[in-house]
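S.K.: Below is a structure I'd like to ask you about.
The values are calculated or read from the model by the stated rules, or taken from the named source; none is laboratory data. Please read all numbers here as calculations on a predicted model, not as lab measurements. Don't worry about glycine lacking a Cβ; one is built from the backbone with ideal geometry, like all the others, and counts go over all protein chains shown.
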Amino acid sequence: MVTPMSKKASSTGVIALIALVVFFLLFTYLSLNLKSIDYGYDMQELISKERHLTEEIDKLKAERATLLNLARVERIVINKLGYQYPKPDQFIKVFDD
């Protein structure tokens with residue numbers, strides 16, 4: 001036989017269990033939502049870094065093209081290394097048989 005006191009205790013237990021489940025679900029939902037926001041911030045930071053690195057790569061490519069300019073290389077070789085174009089009498093002819 002169920003007494004009124006045990007009915008009240010069991011309904012309080014059910015309510016506490018439901019409240020615990022709701023709290024757990026709410027906590028899980030909020031935790032996942034905060035993770036999603038954190039991932040969004042991380043992604044924005046990575047996109048910003050990617051943009052910065054892409055700009056740096058473009059600058060380095062432009063600098064490389066400038067440094068490998070044949071006129072510049074020729075000027076450096078002549079002025080700093082003392083290169084001279086060969087004279088016609090300095091050519092050696094090699095013939096294939």
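S.K.: Can you find a residue in segment 48-55 that is hydrophobic (A, V, I, L, M, F, W, C) and modelled with pLDDT of 95 or more?
M.R.: Yes, segment 48-55 contains a residue that is hydrophobic (A, V, I, L, M, F, W, C) and modelled with pLDDT of 95 or more.
S.K.: Further question: When both residues are 6+ apart or on different chains and their Cβ atoms are under 9 Å apart, which pairs have a first residue that lies in segment 73-97 and is under 30 Å from Glu63 (Cα atoms), and a second that is loosely packed, with under 10 Cβ neighbours inside 10 Å?
M.R.: Ile78/Gln84; Ile78/Tyr85
S.K.: Separate question: Any idea how many residues of segment 55-97 are among the β-branched types (Val, Ile, Thr) and surrounded by fewer than 10 Cβ atoms within 10 Å (Cβ to Cβ)?
M.R.: Number satisfying all stated conditions: 3.
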